[in-house]
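What follows draws every value from the coordinates through simple rules; no lab data is involved. Treat the numbers as computed from the prediction; the structure is a model and nothing was measured. No Cβ is skipped: glycine too gets one built from the backbone with ideal geometry, and neighbour counts run over all protein chains shown.
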Amino acid sequence: MKPLLLAAPDQEQDDGREAAGVWGGIQGAGGPCGRQGGPDDGLARSSWYYEPPGESPDNLALMREIDRLYIKRPSFGTRKVRERFGINRNRAQRLMRLMGLEAICPTRSTSRPAPGHKAYPYFLRNMAITKPDQA
């Protein structure tokens, strides 16, 4: 086997092959260390080809049950789901977040003014405070 000569990309090697993209025997690699370039250069090959494992069959069955419960009782949040199925609350949160489910309940209305309440103007808005006890 002939040793691989590392030449600049615009030069040709002595056996007639162009050196562009032939580093360390990998076609399209990014440099002499053998890294392969991808859409996001600097990403390791192990990360590029990694396929995360899907949900376990137990979790899929539990997700179906949570979905059925949510259709019947959309006001149930993670605490009620945890009580109903006897699972950890963090697991209930993760599965409900994965399915995009949130409990339907009244929300706080702290930013809404009461009807008939007078709105007082803020006089210091455009004033530059430059010395102590000015305002």
Farthest toward positive dipole pole in region 72-135 [+1 Lys/Arg, -1 Asp/Glu at C-beta], among 85, 134, 103: 85
Efficiency of FRET between residue 93 and residue 45 - r from beta-carbon atoms, R0 35 angstrom, step 0.05: 0.55
Label-to-label distance, nm, for residues given as residue 73 and residue 114 (7 Å Cα→Cβ offset): 3.6 nm
Region 65-135: C-alpha gyration tensor shape, a/c 1.5 cut-off, then a/b vs b/c: prolate
Linear extension gain, residue 123 paired with residue 80, 0.36 nm per residue minus alpha-carbon span: 10.6 nm
